[in-house]
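Notes for the one structure printed next.
The values are calculated or read from the model by the stated rules, or taken from the named source; none is laboratory data. Computed from a predicted model, the values in this text were never measured in an experiment. Every residue, glycine among them, receives a Cβ derived from its backbone with ideal geometry; neighbour counts consider all protein chains shown.
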Amino acid sequence: MLEALIEFLKDYGYWGMGILSFLSGTVVPITSEVLLVFFLNLGLSAVGLTLVATLGNSLGGFSCFMLGYLTNKETVQRIFKISDRRMKRADVIIQKYGFWAASISFVPFIGEALLVALGVMRVDKYKVVAVMTLGKFLRYAFIALSYTGLAGYFGF
């Protein structure tokens, strides 16, 4: 099973990174940071992987936001079994920071709930997408830079 997954990832390169990053940005429990390092080990471009991972993960995050935007709090909690405590914590963060809360949407477990809560509260989607994408980009760039170094990141 593991060998088949590794072969899939090798065969699909950037597409694989994009698809898995998208899934990671939703409620699917995939660690895209580990996948980023895996693809870097295959010799793919650090800049390319950063951009593809950011795009995929941001689209996944936007789907969480839209889920909240198109439904209501009770429906979201029931479908995804999100506890009242977790939703209240997200609500407190949003009340305090507004759309800027989307900048930490990459944080495991709370990130998706935060984006859904931003949608439920009908926060401006353009601001949420901009701040969310910037936060996700900075995370992937930091990981890739940490792994490859500055010269390796830009292919020198």
Practice prompt. Starting from segment 17-29, take each residue that is under 11 Å from Ser63 (Cβ atoms) and aliphatic (A, V, I, L, M) and list its partners that are surrounded by fewer than 20 Cβ atoms within 10 Å (Cβ to Cβ) and modelled with pLDDT of 90 or more, counting only C-beta distances under 7 angstrom and pairs at least six apart or across chains.
Written response: none
Item to complete: Take segment 31-66 and flag every residue that is surrounded by 16 or more Cβ atoms within 10 Å (Cβ to Cβ), of a type outside the set (Gly, Ala, Ser) and part of a loop (DSSP other than H, G, I, E, B).
Response: Leu44
Worksheet entry | Matching residues in segment 97-156 - criterion: being in a helix (DSSP H, G or I), among the hydroxyl-bearing types (Ser, Thr, Tyr) and within 11 Å of the chain's Cα centre (by Cα) | Ser103, Thr133, Tyr140
Practice prompt. Determine, yes or no, whether Tyr69 is more than 17 Å from the chain's Cα centre (by Cα) and crowded, with 18+ Cβ neighbours inside 10 Å.
Written response: yes
Worksheet, complete the sentence: Within segment 81-99, restricting to residues that are of a type outside the set (Gly, Ala, Ser) and surrounded by 15 or more Cβ atoms within 10 Å (Cβ to Cβ), the one that is modelled with the highest pLDDT is Phe99
Item to complete: Find all pairs meeting these conditions: Cβ atoms under 8 angstrom apart; at least six residues apart or on different chains; first residue within segment 111-129 and under 23 Å from Arg78 (Cβ atoms); second residue of a type in the set (Asp, Glu).
Response: Ala117/Asp91; Met121/Asp91
Worksheet entry | Single residue of segment 126-156 satisfying the filter (more than 28 Å from Tyr69 (Cβ to Cβ) and exposed (fewer than 13 other Cβ atoms within 10 Å of the Cβ)) that is modelled with the lowest pLDDT | Phe156
Practice prompt. Starting from segment 84-107, take each residue that is acidic (Asp, Glu) and list its partners that are in a helix (DSSP H, G or I), counting only C-beta distances under 9 angstrom and pairs at least six apart or across chains.
Written response: Asp84/Gln77; Asp91/Lys73; Asp91/Ala117; Asp91/Val120
